[in-house]
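Each remark here refers to the structure printed beneath this line.
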Amino acid sequence: MFDFIMTDEQKKLRDEAREFTRWVPRDMILAMDSETIQFPHEYLREAGKRNLLGIRIPRKYGGRGLGWVDDGIVAEEVGVASYSLACLWGVGADIVCEAICVFGSEELKQEVVVPLLRGEVYAAEGLTEPRGGSDFFGATTTARKDGSDWIINGQKRFIVGAEGADWFLVYAVTNPSAPPHQRMTAFMVPRTSGVESKYIYGLMGVRGGGAGRVIFKDVRVPERYALNGINNGFEVFVRMMIPERLGTAAMTVGSVRPAIEIATRYTSRRKAFGQIISNFQAVGFKVADSALLLDAARSMVYTTALAIDSGKAHPGRIRRMVSQSKKFVTETAWEIANNCMQVVGGIGYTNVFPLERIVRDIRLSMIWVGTNEIMQMIIQNEWYKEYDKVLSKEPVRDVESDAANAGQQEEKVYE
Ligand SMILES: Cc1cc2nc3c(=O)[nH]c(=O)nc-3n(C[C@H](O)[C@H](O)[C@H](O)COP(=O)(O)OP(=O)(O)OC[C@H]3O[C@@H](n4cnc5c(N)ncnc54)[C@H](O)[C@@H]3O)c2cc1C
């Protein structure tokens with residue numbers, strides 16, 4: 001985040017997050033990328049010890065009780081060390097803990113949130129299924145009532161942290177004949193009998209973060225583990241879009257930041273045709289454009305965070321801004337990472353520099369927590385609704401009628 005708009009407390013928070021990012025052992029990053037480590041327990045324990053999990057979660061459950069701007073500040077810094085670590089950091093403490101704090105019982109807050117924020121347990125989020133992730137309502141995982149319990153059957157796919165998770169936030173169909181919005185329930189499922197995770201994917205990037213398949217075979221959970229009651233999972237899903245997508249945007253800014261620093265250092269020293277290559281505009285402009293794009297991306301995250309923290313923006317506006325941030329930042333980060341690799345030349349494509357890992361890692365950002373095509377759909381929906389309900393009702397000026405031939409109504413053909 002930009003330091004000139006941070007308060008002194010926010011600068012302190014950023015410095016704590018930076019200190020934590022400096023702590024991350026190099027061996028951990030390399031072992032995760034080579035998948036010698038499949039779930040970095042040590043990282044989460046350390047984050048918990050430093051009270052850097054759950055930035056927006058109330059203090060009484062072990063969080064910091066701060067806002068979205070603060071969360072964005074920490075997420076950016078956490079993203080610097082590795083995207084895979086940042087994904088884990090965000091899913092458990094930022095997403096699942098928020099779901100429990102907003103929609104769960106006091107018992108779940110004590111049993112899951114408190115130890116999770118200490119870094120002692122982990123909770124993953126399971127929406128995506130083998131048959132598809134974008135079509136949330138098409139889920140085939142079911143929960144059937146049995147006495148006062150529910151019996152869950154089904155599979156979830158590509159679940160970050162599945163390998164090390166003690167708990168899973170699982171969306172299951174509880175009322176198949178109801179309209180889509182009233183069909184699903186969000187359950188907190190402990191790793192209990194009938195739950196099996198499999199670390200089976202040969203991922204391009206974000207390796208070592210436990211992303212796996214989770215199978216639920218006749219898993220019995222008490223009804224009190226449902227978040228927001230039975231058949232009300234859609235509300236949980238909608239609320240979780242914000243931490244999933246704004247969190248992703250913020251950490252993606254951090255993860256691509258080192259690429260620009262590496263490219264700037266390299267191009268300031270490397271010579272070709274007897275000159276430092278940053279003197280060639282084809283090179284220097286790519287680095288300059290990358291700096292420009294990073295600032296634009298960061299501005300978008302900051303503005304969206306402010307909109308949420310203000311409590312004044314309409315929920316539809318927030319959904320649009322969050323989706324815009326996710327789409328813009330992740331596509332921008334992809335462009336930046338590729339620009340940076342390009343100006344470093346052949347050696348940038350090797351593991352002598354971490355640019356190739358950054359490129360592999362951040363490619364995920366355009367796919368997960370809702371693909372960018374799904375972001376586009378949300379932006380389209382929300383923009384047209386907002387125009388119809390708000391903007392069209394209070395035009396600042398009728399600019400359309402300022403055209404020289406504006407009065408030629410017969411030329412304004414719409415059908
Ligand atoms: C490493 C990794 C980690 C992940 N972590 C998690 C996790 O922790 N929890 C979790 O639940 N999921 C997770 N995911 C899953 C991820 O969120 C999904 O892969 C994603 O939502 C897309 O779902 P899908 O792969 O089934 O693709 P599909 O839904 O089959 O989509 C395929 C393509 O079709 C497009 N498409 C689909 N519908 C439309 C439409 N209506 N309009 C336009 N285009 C459309 C999509 O944009 C995409 O390009 C992870 C994925 C990966 C790879």
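The values are calculated or read from the model by the stated rules, or taken from the named source; none is laboratory data. From a predicted model like this one, the values you see are computed outputs, not experimental measurements. Note: ideal-geometry Cβ built from the backbone for every residue, glycine included; neighbour counts use all protein chains shown.
Residues that are on the phi < 0 side of the Ramachandran plot, free of Cβ contacts under 8 Å to residues at least 60 places away in the same chain and more than 16 Å from the ligand (Cβ to nearest atom), at least 3 per element: which helices (runs of 4 or more DSSP H) completely within segment 313-415 meet that?
Numbers: elements: 315-344, 355-362, 372-389.
Of the helices (runs of 4 or more DSSP H) lying wholly inside segment 313-415, those with at least 3 residues that are on the phi < 0 side of the Ramachandran plot, free of Cβ contacts under 8 Å to residues at least 60 places away in the same chain and more than 16 Å from the ligand (Cβ to nearest atom) span 315-344, 372-389.
Working only within segment 276-322, note down all residues that are more than 18 Å from residue 339 (Cβ to Cβ) and among the hydroxyl-bearing types (Ser, Thr, Tyr).
The answer is 299, 302, 303, 304, 310.
Testing residue 276 on (1) under 27 Å from the mean Cα position of the chain (by Cα); (2) surrounded by 13 or more Cβ atoms within 10 Å (Cβ to Cβ), one condition comes back false. Which one is that?
(1)
Which of the residues belonging to segment 86-126 are closer than 21 Å to residue 369 by Cβ and among the β-branched types (Val, Ile, Thr)?
91, 95, 96, 100, 102, 112, 113
Considering only residues that are over 21 Å from residue 360 (Cα atoms) and in contact (Cβ under 8 Å) with a residue 12 or more places away in the chain, which ones fall in segment 20-42? Lay out the reasoning, then the answer.
If we filter segment 20-42 for residues that are over 21 Å from residue 360 (Cα atoms), which is where we start, we get 20, 22-23, 41-42.
Once the filter is applied, which keeps residues that are over 21 Å from residue 360 (Cα atoms) and in contact (Cβ under 8 Å) with a residue 12 or more places away in the chain, segment 20-42 yields 20, 23, 41, 42.
Residue by residue through segment 147-192, note down the ones that are farther than 22 Å from residue 120 by Cβ and of a type in the set (S, T, N, Q). First the steps, then the outcome.
First, pick out the residues of segment 147-192 that are farther than 22 Å from residue 120 by Cβ: 147-158, 171-186.
Scanning segment 147-192 gives 148, 153, 155, 174, 175, 177, 182, 185.
Being within 16 Å of the ligand (Cβ to nearest atom) and outside any loop (DSSP other than H, G, I, E, B) is the filter here, so list the residues in segment 114-128 that pass it.
Here is the first cut: in segment 114-128, the ones within 16 Å of the ligand (Cβ to nearest atom) are 116, 122-128.
Passing the criteria: 116, 123, 124, 125, 126.
Exactly one of these conditions fails for residue 4: (1) modelled with pLDDT under 95; (2) within 16 Å of the ligand (Cβ to nearest atom). Give me its number.
For residue 4, the failing item is (2).
For the structure I just gave you, tell me whether residue 146 is exposed (fewer than 14 other Cβ atoms within 10 Å of the Cβ) and either hydrophobic (A, V, I, L, M, F, W, C) or over 25 Å from residue 367 (Cβ atoms) (or both).
Values: exposed (fewer than 14 other Cβ atoms within 10 Å of the Cβ): yes; either hydrophobic (A, V, I, L, M, F, W, C) or over 25 Å from residue 367 (Cβ atoms) (or both): yes.
Answer is yes for this residue.
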